[in-house]
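**Student:** Here you go, one structure.
The values are calculated or read from the model by the stated rules, or taken from the named source; none is laboratory data. None of these values were measured; they are calculated from a predicted model. Using ideal geometry, Cβ is built from the backbone for each residue, glycine included, and neighbour counts are taken over all protein chains shown. In case anyone asks, the SASA skips ligands and DNA or RNA and just uses the protein heavy atoms, side chains included. Shrake-Rupley method; radii C 1.70, N 1.55, O 1.52, S 1.80 Å.
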Amino acid sequence: MKLTKRQTLILEQVRRDNHVEVENIARQFRVTTQTIRKDINRLCELGLLRRRYGGVSLPSSMTNVSVMSRRALNQFAKQAMAARLAGHIPENSSVFLGVGSSMEFVARELSAHTSLQVLTNNLGVVSALSGNPGIEVIVSRGSLRHYDLDLVGHQTVAFFNDFRADFGVIGTGSLDSADGLMDFDPREAEISQAILANSRQRILVADHSKWERTASVKVVPFSGIDLFITDSIPDDKRRALPASLKVIRTQDD
């Protein structure tokens, strides 16, 4: 699922201004309001925007959107981060991949490897790796979240606690300067915590937009990860990271 260039620009403008009137968007792009409403309808259907007071605003920051919608967000940044991560993972490694749309991008890049063991609760990861018989995929137990296409619950946490992997790769719902990694669902947080606790190297993959979101469940402080792969970091946020944390910014490549 991809957004058109105009839909992407509309989404970026609403993120920047918080609320945008339909007529103003139409004037900006020099199209009719009917045309813009079609774009807005699509973005609202995906859960990326909501109609409000004659225009559009962002959905509530306290709830996450579906994995189908998240796939459309910052696609190029996610692909670049995933490619950089894949180059960091050697052959014959074991890798945990957790929840979130970024893990699907990681899995697609890892699919070029010839020998890996991947342990995951993410069905998007399973699908992305299913065409490579050189990659052993072990899928967790748990309850299916239809909205997110992953497995969660105490069985899923127990699954990750039963293994020790060379690399643990997680995403996150939001980033907070004081509290570090945050998520929207306690079950997501528990899974990420189990992955980090059982990994020799702990890796976070998250783009700059996660600094703009607000989730309520604490996962781990920044000191709980070893490597942070991102596209960019605002200067004021960079100062909040511990000096010991290795950071890779793909925009520097």
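**Student:** Need pairs with beta-carbon distance below 6 Å; first residue in a strand (DSSP E or B) and within segment 38-53, second open to solvent by less than 20 Å² (accessible area, probe 1.4 Å); sequence gap 6+ or separate chains.
**Tutor:** Partner pairs satisfying both residue conditions: Arg50/Ser57.
**Student:** Another question, if that's okay. Does Arg50 count as modelled with pLDDT of 85 or more, over 30 Å from His154 (Cβ atoms) and among the basic types (Lys, Arg)? Give the steps one after another, and end with the answer.
**Tutor:** Values: modelled with pLDDT of 85 or more: no; over 30 Å from His154 (Cβ atoms): yes; among the basic types (Lys, Arg): yes.
When the stated conditions are applied, Arg50 does not pass them.
**Student:** Answer yes if at least one residue in segment 228-235 is under 22 Å from Asp148 (Cβ atoms), in contact (Cβ under 8 Å) with a residue 12 or more places away in the chain and open to solvent by 20 Å² or more (accessible area, probe 1.4 Å), and no otherwise.
**Tutor:** Scanning segment 228-235, I find no residue that is under 22 Å from Asp148 (Cβ atoms), in contact (Cβ under 8 Å) with a residue 12 or more places away in the chain and open to solvent by 20 Å² or more (accessible area, probe 1.4 Å), so the answer is no.
**Student:** Could we say that Ile203 is assigned to a strand (DSSP E or B), in contact with a Lys or Arg (Cβ under 8 Å, 6 or more places away or on another chain) and at pLDDT 95 or above here? First the steps, then the outcome.
**Tutor:** Values: assigned to a strand (DSSP E or B): yes; in contact with a Lys or Arg (Cβ under 8 Å, 6 or more places away or on another chain): no; at pLDDT 95 or above: yes.
Judged against the criteria, Ile203 is not a match.
**Student:** Assuming Asp236 fulfils every condition listed in (1) at pLDDT below 90; (2) part of a loop (DSSP other than H, G, I, E, B) apart from one, which condition is it?
**Tutor:** With (1) at pLDDT below 90; (2) part of a loop (DSSP other than H, G, I, E, B) applied to Asp236, the lone miss is (2).
**Student:** Just to be sure I understand, how many residues within segment 131-176 are assigned to a strand (DSSP E or B), of a type in the set (D, E, K, R) and under 20 Å from the mean Cα position of the chain (by Cα)?
**Tutor:** Initial filter on segment 131-176 (assigned to a strand (DSSP E or B)): 135-139, 143-145, 150-152, 165-170, 174-176.
So of that shortlist, the ones also of a type in the set (D, E, K, R) come out as 136, 145, 150, 166, 176.
The next check asks that each one be under 20 Å from the mean Cα position of the chain (by Cα); those that pass are 145, 150, 176.
Number of matching residues: 3.
**Student:** Moving on. For segment 84-111, how many residues are touching a residue at least 60 places away in the same chain (Cβ under 8 Å) and part of a helix (DSSP H, G or I)?
**Tutor:** As a first pass, look at segment 84-111 and keep what is touching a residue at least 60 places away in the same chain (Cβ under 8 Å): 84-85, 88-89, 93-103, 106.
Add one more test, that the residue is part of a helix (DSSP H, G or I), and what stays is 84-85, 88, 101-103, 106.
Matching residues across segment 84-111 total 7.
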